[in-house]
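Every number here is computed from the coordinates shown, using simple stated rules; none is lab data. Because the structure is predicted, anything quoted here is derived from the model rather than measured. Here the Cβ is made from the backbone with ideal geometry for all residues, glycine too, and neighbour counts use every protein chain on show.
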Amino acid sequence: MTTVTYRGVLSGDKPMKSLLLGSKANRAGRNNAGRITVRHQGGGHKRRLRDVDFKYDKKNIPARVETIEYDPYRTGFIARVVFADGERRYVLAPKEMKVGDTFQVSENAPIKIGNRLPLGKIPSGTFIYNIEIQAGAGARIARSAGNYAEVVAHDAGYAQVKMPSTEIRKISEQAWASIGAVSNEEQRLQVYGKAGKSRWKGIRPTVRGTAMNPVDHPHGGGEGKQGRGLRRAKSMWGKPTGKGQKTRTPKKYSNKFIVSRRKVGKKRS
């Protein structure tokens, strides 16, 4: 088993009660009718939901980092910041951010780790995270541990951004993004080491399709251990899955914003 080293990274402070939301119900992957809509979820340790600010609607007011904390609902660390007017909020912490650092959300902010600007003001070659797809809608892209995107070009009111998936996509220059990369990049290196740790995280066991009966899965059935008998791997519902297969909807509304499709499999670097 390997774990993430928190000592020397987190400040050790308890979460601020006024920034905690009501206890989030553990729905165990079930909808309002009690039917399973997301498999392999359930159980896990009780968690409290932090009110993390992804809209960054407090502009042109400098903020100082008070604490760096763990958030059970996300892989990156969060920072509790206090603005110059006294208001406190939780924000997603970038890699190099530490207690005492300052940042600001402004169109005229310098290109510095943690600062937030419109994409039109960010030069090519800059690493960014917490990226909006539409201006004012809140951050949607590059929010998990160690993730970042890169501004590669500006053209006709759009910034071309290379996503963590290697896809290059056009996003309006009016949308905002933060400078840097998300903290806790070691998270993807940890090894749980035992099944029980997955259960603490709320992850239930996954059964292979080949171990099922034909009525339960397209890969099921056969005497003894069998190949799947299909040219391409399928999900439980007969849709293509895994092995670098294309699953994107061919006529999806956002296809026109994709400059270069993501690389999959061994070609990806």
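Got a number for residues in segment 128-140 being buried (at least 19 other Cβ atoms within 10 Å of the Cβ) and either in a loop (DSSP other than H, G, I, E, B) or not acidic (Asp, Glu) (or both)?
As a first pass, look at segment 128-140 and keep what is buried (at least 19 other Cβ atoms within 10 Å of the Cβ): 128-132, 139.
Add one more test, that the residue is either in a loop (DSSP other than H, G, I, E, B) or not acidic (Asp, Glu) (or both), and what stays is 128-131, 139.
Adding up the residues that qualify gives 5.
Can GLN226 be described as more than 29 Å from LYS194 (Cβ to Cβ) and touching a helix residue (DSSP H, G or I) at 6+ places or on another chain (Cβ under 8 Å)? Break it down into steps so the answer makes sense when it comes.
Details: more than 29 Å from LYS194 (Cβ to Cβ): yes; touching a helix residue (DSSP H, G or I) at 6+ places or on another chain (Cβ under 8 Å): yes.
Spelling it out, GLN226 is indeed more than 29 Å from LYS194 (Cβ to Cβ) and touching a helix residue (DSSP H, G or I) at 6+ places or on another chain (Cβ under 8 Å).
Using beta carbons and a limit of 7 Å, which pairs, at least six apart or on different chains, have the first residue in segment 10-27 and under 14 Å from TYR73 (Cα atoms) and the second one of a type in the set (Gly, Ala, Ser)?
Here the result reads ASN26/GLY44, each pair linking segment 10-27 to a residue that is of a type in the set (Gly, Ala, Ser).
Taking the stated definitions as given, is THR241 under 25 Å from the mean Cα position of the chain (by Cα), of a type in the set (Val, Ile, Thr) and within 30 Å of ALA159 (Cβ to Cβ)? Reasoning before the result, please.
Details: under 25 Å from the mean Cα position of the chain (by Cα): yes; of a type in the set (Val, Ile, Thr): yes; within 30 Å of ALA159 (Cβ to Cβ): no.
Against the criterion (under 25 Å from the mean Cα position of the chain (by Cα), of a type in the set (Val, Ile, Thr) and within 30 Å of ALA159 (Cβ to Cβ)), THR241 does not qualify.
ARG143: within 27 Å of GLY43 (Cβ to Cβ), charged (D, E, K, R) and part of a loop (DSSP other than H, G, I, E, B), yes or no? Break it down into steps so the answer makes sense when it comes.
On the way: within 27 Å of GLY43 (Cβ to Cβ): yes; charged (D, E, K, R): yes; part of a loop (DSSP other than H, G, I, E, B): yes.
Against the criterion (within 27 Å of GLY43 (Cβ to Cβ), charged (D, E, K, R) and part of a loop (DSSP other than H, G, I, E, B)), ARG143 qualifies.
Taking the conditions exactly as written (basic (Lys, Arg) and over 22 Å from the mean Cα position of the chain (by Cα)), does ARG232 satisfy them or not? Give the steps one after another, and end with the answer.
Numbers: basic (Lys, Arg): yes; over 22 Å from the mean Cα position of the chain (by Cα): yes.
Yes, satisfied.
Quick grid of which residues meet (1) out of contact with any strand residue (DSSP E or B) (no Cβ under 9 Å at 6 or more places or on another chain); (2) more than 24 Å from LEU10 (Cβ to Cβ); (3) among the acidic types (Asp, Glu):
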residue	(1), (2), (3)
GLU107	no, yes, yes
ASN130	no, no, no
GLY138	no, yes, no
ALA149	no, yes, no
HIS154	no, yes, no
GLY157	no, yes, no
SER178	no, no, no
ALA181	no, no, no
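What pairs can you find where one residue is in segment 87-114 and closer than 19 Å to GLN174 by Cα, the other is of a type in the set (Phe, Trp, Tyr) and surrounded by fewer than 15 Cβ atoms within 10 Å (Cβ to Cβ), and their Cβ atoms are less than 6 Å apart, with a gap of 6+ or different chains?
Correct list of pairs: empty, since none qualify.
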